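Just below is one structure, and these are the notes that go with it.
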Ligand SMILES: [Zn+2]
């Protein structure tokens, strides 16, 4: 897999007579803000839950889980893996902002299943520097959910680890499948 990426500002997504994708996002924000209603709530999530999920574009977490604005913390990254930075966010979520439960969501057809740790080596060969982070690639999504649950449950920084559950979201049906942490 190539690790090449465009080094300059891309213009390929710009159609004639249109702004860039970010211009369109900023425009959409004006319409959003016009109808925005301040709930007046503070920063503590109403449902006292943190969701850790893959960044995959096909997962609408709030819709998929029946969550409303203000209900949860959302921590997303490539794979929905539990890295040191995920633990950092969960620690702040629990200790400073009152969450008690953690739901982990991986999914079918994840991009991290199509690459390997060789990705790091290729990156190093290309740019002359090895990234400090692990790719966290995986083959078996169920096993990766189990490992993620284990990382949360064994973190010394998290005071609330009794309600930690992991799932695989099927991007073709929208259904969650729960992963047994012990099998
Ligand atoms: Zn993914």
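So if we plug the beta-carbon distance of residue 117 and residue 173 into 1/(1 + (r/R0)^6) with R0 = 35 Å, what FRET efficiency do we get, rounded to 0.05? Could you put the intermediate results ahead of the total?
Details: r = 30 Å, r/R0 = 0.87.
Computed FRET efficiency for residue 117 and residue 173 comes out at 0.70.
Under the simplified labelling scheme, the residue 36-residue 57 pair shows an inter-label distance of 2.5 nm, with each label point 7 Å from Cα along Cα→Cβ.
The value given for the stretch 42-179 is a Kirkwood hydrodynamic radius of 15.6 Å, derived from the mean inverse Cα-Cα separation.
Fewest neighbouring Cβ atoms within 10 Å first, the residues 37, 82 line up as 37, 82.
The gain in end-to-end length when the residue 21 to residue 77 segment is fully stretched comes to 18.0 nm, 0.36 nm per residue minus the alpha carbon separation.
Remark: 101, 148, 20 ranked as 20, 101, 148, counting other beta-carbon atoms within 10 Å and listing the fewest first.
Normalised by the number of residues in the stretch 42-179, the mean separation of alpha-carbon contacts (under 8 Å, six or more apart) gives a relative contact order of 27 percent.
Readers should treat all values here as calculations from the given coordinates under stated rules, not as data from a laboratory. Computed from a predicted model, the values in this text were never measured in an experiment. No Cβ is skipped: glycine too gets one built from the backbone with ideal geometry, and neighbour counts run over all protein chains shown.
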